[in-house]
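To keep things clear, I will list the structure first and then write my remarks on it.
The values are calculated or read from the model by the stated rules, or taken from the named source; none is laboratory data. Bear in mind that the values here come from a model prediction, so they are computed numbers and not experimental data. A quick note on method: Cβ atoms are made from the backbone with ideal geometry, for glycine too, and the neighbour counts reach across all protein chains shown.
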Amino acid sequence: MPLLDVRDVTVEFPTRRGVLRALDKVSFSIESGEILGVVGESGAGKSLTGAAIIGLLERPGRIAGGEIRLNGERIDTLAAEPLRRIRGRRIGMIFQDPLTTLNPLYTIGRQLTETMQTHDRLSDADARRKAIGWLDRVGIPAAAQRIDAYPHEFSGGQRQRVVIALALCAEPALIVADEPTTALDVSVQAQIITLLKDLTRDQGTAVMLITHDMGVIAETAGRVAVMYAGRIAEIGPVADVIRHPAHPYTAGLMASIPSLEHRVPRLRQIDGAMPRLDALPTGCRFHPRCPKVFARCRDEQPDLLTAGATRAACWLHADG
Amino acid sequence: MPMADTATLQVVGVSHMFDVSRPFLQRVFTREPRRILRAVDDVSFVIAPATTFALVGESGCGKSTLARLAVGLYEPSDGEILFENTALSSARAQPALRRRMNMIFQDPYASLNPRWRVRDIVAEPIRAFRLANRPNEVEGRVGTLLAQVGLTVRDGEKYPHEFSGGQRQRISIARALASEPDFLVCDEPTSALDVSVQAQVLNLMRDLQQRFGLTYLFISHNLAVVRHMADTLGVMYLGRIVEQGPAEAIFQRPRHPYTRLLLDAIPDLEQIGRARTPVGGDLPNPIAPPPGCAFHPRCPLANDRCRLEKPGQRMAGTAQVACHAVEEGRDR
Ligand SMILES: Nc1ncnc2c1ncn2[C@@H]1O[C@H](COP(=O)(O)OP(=O)(O)OP(=O)(O)O)[C@@H](O)[C@H]1O
Ligand SMILES: Nc1ncnc2c1ncn2[C@@H]1O[C@H](COP(=O)(O)OP(=O)(O)OP(=O)(O)O)[C@@H](O)[C@H]1O
Ligand code: SF4
Ligand SMILES: [Mg+2]
Ligand SMILES: [Mg+2]
């Protein structure tokens, strides 16, 4: 049984102009000890997927279909109180925006010790010692001296590391990490990634790693899901998705990555923009931008189809 | 200094200090001294018009602080900054000059007013600097700006919280471009964007530079992005610039041991499943930086001189490098 199982999850935002479907039948699972990478167009629904899992969809957003199971137990239907107990203890969340996670009025030390003490019986002195330990592990220099500082006294990347420490300190079984390393330089990034990998190996922690950085995905994840306009466009082993992308959107994404090896006058880009939720095209949602579009793409919406080693929602793979 | 009389921005010996002491009473009880954090330490560089100067370096090394200094959001504790040969403080006092510099902040959430509609956020600089007067002119400008960053006119109706992280970053880019600046400080402008939108934004920035001669101070942790954008590169370590010069030359032949280490730590797509070269040594404490060369505790080339004497910048090839080993030729 996978640790996390997401089946056909649909998320909707009722608005005055009608219902916006921001996630459309998203399905995937994560095993204990596994890191699943999630990439995709900005606005595709990556953060929403994470928010749906931890039960923190912002109103008026709601789960309109499907189910989410943690260790076999439905968690999308839980009441607020049991859900709150799962959050933090069994599912840790590293939010994309470090500032909203941190309370500007409390020192980072207080925020860490309080988080640990709500989940575990710990004396103040022990909690403080552990807090310094976590700050150290996420690479805050001089942790013992800076533990009593307030969030605004840290650089962007340092705040992000404090947020990571907050998510990890309760030692959850599943970590939903939304862009945990984007504000970090490559060396601190390497340190955080090593830490996440160690946790998956030693504690069997499962990680859903949302990031734009394909280098980070290549290095850490076993499988990767590519999202586009509220759906999973492709999912499969990292090496296959990177080397032989089966979905034209994945291929476009790979081609847009600037290279360190040679400088080009202009980066390759996928022209156009992702469709708005209230103006989705018929058929495949990528078809207006797709270089390989053909008749069927305009009329019928493809589901995930087997495409070599990966699965892709693209009619090019209709015959396996 | 080269091209000093035509430079867009000149930063001369600038330092910036933060007081990070604990509250006074607590300090008295614990008999702690005041603690000063020197976020930027004696930094000098020049940005020529219509070029891109990129800053790279470890998280916390002082890049955002320097960025804020460069547009006048912080006053330097020491040193001087000139915008087109005018002291920055007096340039900021003149609306005509102030309009010409702008900044894209590292944190797109904190910098957008949650109670304003996106179209008003983007229109604000246009109205403030009277760049368009008739309402439909303003509207047209806003529409063009939103389209340039891959959003639509109808997105203008919405509020910031209705957008994803990357979409909000695009709103802040549109707002920064709205005042039609000549000098733009970009602090991690694309780190919240997926690579395909990133490619669109970087291509747009390049186009604007070629068409209108924009000058950029560009900060990013993504070294491939930096290599794509930068004409000149400054590598920072613990508040100081340790290497600066033509970007391509530094990427091809980094001289400072820290630059070399930084370029080694880049993840790449070929490394599927493999760990990258770990960076050795402890992160330095910015409140009590190591004496001598601040990098010495982590440097493979450190010797006694490095532990005692702060290295100054010297020419090494086409770059200025602050390293005793490079100066002495011990780096080969
Ligand atoms: N409160 C809301 N009201 C209406 N639409 C919303 C709301 N929150 C999110 N959305 C929409 O849902 C879609 C998915 O957003 P989400 O934040 O999941 O994107 P993402 O994939 O995480 O993007 P990014 O990479 O830019 O962070 C976006 O199109 C966004 O506009
Ligand atoms: N308002 C402040 N008060 C006290 N210290 C600060 C403040 N702002 C920044 N610092 C400290 O100054 C140093 C430089 O911070 P800065 O934000 O310039 O770093 P940065 O290079 O932009 O890092 P990042 O890549 O993480 O964004 C850090 O050690 C930080 O903790
Ligand atoms: S289904 Fe058609 S339009 Fe969609 S990605 Fe595949 S080829 Fe392109
Ligand atoms: Mg997001
Ligand atoms: Mg910064």
Of all residues in the stretch A:216-251 being within 16 Å of ligand 4 (Cβ to nearest atom) and assigned to a helix (DSSP H, G or I), the one that is nearest to A:L277 (Cα to Cα):
A:I217
Boolean, A:A170 is assigned to a loop (DSSP other than H, G, I, E, B), within 13 Å of chain B (Cβ to nearest Cβ) and surrounded by fewer than 23 Cβ atoms within 10 Å (Cβ to Cβ):
no
Could you say whether any residue in the stretch A:24-34 is touching a residue at least 60 places away in the same chain (Cβ under 8 Å) and over 30 Å from A:K197 (Cα atoms)?
yes
Criterion violated by A:E31 - all others in (1) away from chain B (no Cβ under 14 Å); (2) more than 17 Å from A:V224 (Cβ to Cβ); (3) not polar (S, T, N, Q) satisfied
(2)
Filter the stretch A:252-303 down to residues that are more than 16 Å from ligand 1 (Cβ to nearest atom) and in a loop (DSSP other than H, G, I, E, B), then give me how many there are.
25
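Return the total of residues in the stretch B:18-41 being under 25 Å from the mean Cα position of the chain (by Cα) and either buried (at least 17 other Cβ atoms within 10 Å of the Cβ) or at pLDDT 95 or above (or both).
Going through the stretch B:18-41 one residue at a time, the tally reaches 7.
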Within the stretch B:4-27, can you find the residues that are out of contact with any Leu (no Cβ under 8 Å at 6 or more places or on another chain) and either farther than 30 Å from A:R161 by Cα or small (G, A, S) (or both)?
B:A4, B:D5, B:T6, B:T8, B:G13, B:S15, B:S21
How many residues, within the stretch A:247-263, are more than 8 Å from every other protein chain (Cβ to nearest Cβ) and either loosely packed, with under 15 Cβ neighbours inside 10 Å or over 17 Å from A:L316 (Cβ atoms) (or both)?
2
Only unsatisfied item for A:I94, checking (1) within 13 Å of the chain's Cα centre (by Cα); (2) of a type in the set (V, I, T); (3) more than 16 Å from ligand 2 (Cβ to nearest atom), is (3)
Counting only strands (runs of 3 or more DSSP E) wholly inside the stretch B:30-109, the ones holding at least 3 residues that are within 16 Å of ligand 5 (Cβ to nearest atom) and under 23 Å from B:F18 (Cα atoms) are B:36-47, B:52-57
Out of the helices (runs of 4 or more DSSP H) lying entirely within the stretch A:77-135, which hold 1 or more residues that are within 14 Å of chain B (Cβ to nearest Cβ)?
A:98-101, A:108-119
Looking at the stretch A:151-167 only, could you name the residues that are within 10 Å of chain B (Cβ to nearest Cβ) and within 19 Å of the chain's Cα centre (by Cα)?
A:G157, A:R159, A:Q160, A:R161
Could we say that B:V226 is facing chain A (nearest Cβ under 10 Å), away from ligand 3 (no atom under 16 Å from the Cβ) and modelled with pLDDT of 90 or more here?
yes
Looking at A:R276, A:R296, can you tell me which residue is farther than 28 Å from A:I192 by Cα, facing chain B (nearest Cβ under 9 Å) and more than 16 Å from ligand 2 (Cβ to nearest atom)?
A:R276
Of all the residues that make up the stretch A:264-289, how many are surrounded by 18 or more Cβ atoms within 10 Å (Cβ to Cβ) and more than 16 Å from ligand 3 (Cβ to nearest atom)?
3
Test B:E137 against the criterion of being away from ligand 1 (no atom under 13 Å from the Cβ), of a type outside the set (F, W, Y) and not assigned by TED's automatic domain parsing to the domain that holds B:H228, and give yes or no.
yes
Need the failing condition index for B:R175 against (1) within 11 Å of chain A (Cβ to nearest Cβ); (2) surrounded by 20 or more Cβ atoms within 10 Å (Cβ to Cβ); (3) of a type in the set (K, R), just the number.
(1)
Could you tell me whether the stretch B:194-209 includes any residue that is surrounded by fewer than 24 Cβ atoms within 10 Å (Cβ to Cβ), within 11 Å of chain A (Cβ to nearest Cβ) and among the acidic types (D, E)?
yes
A:L112 being in contact with a Cys (Cβ under 9 Å, 6 or more places away or on another chain) and more than 16 Å from ligand 5 (Cβ to nearest atom)
yes
If you go through B:L131, B:L208, the only one that is touching a residue at least 24 places away in the same chain (Cβ under 8 Å), away from ligand 2 (no atom under 16 Å from the Cβ) and out of contact with any Leu (no Cβ under 6 Å at 6 or more places or on another chain) is B:L131
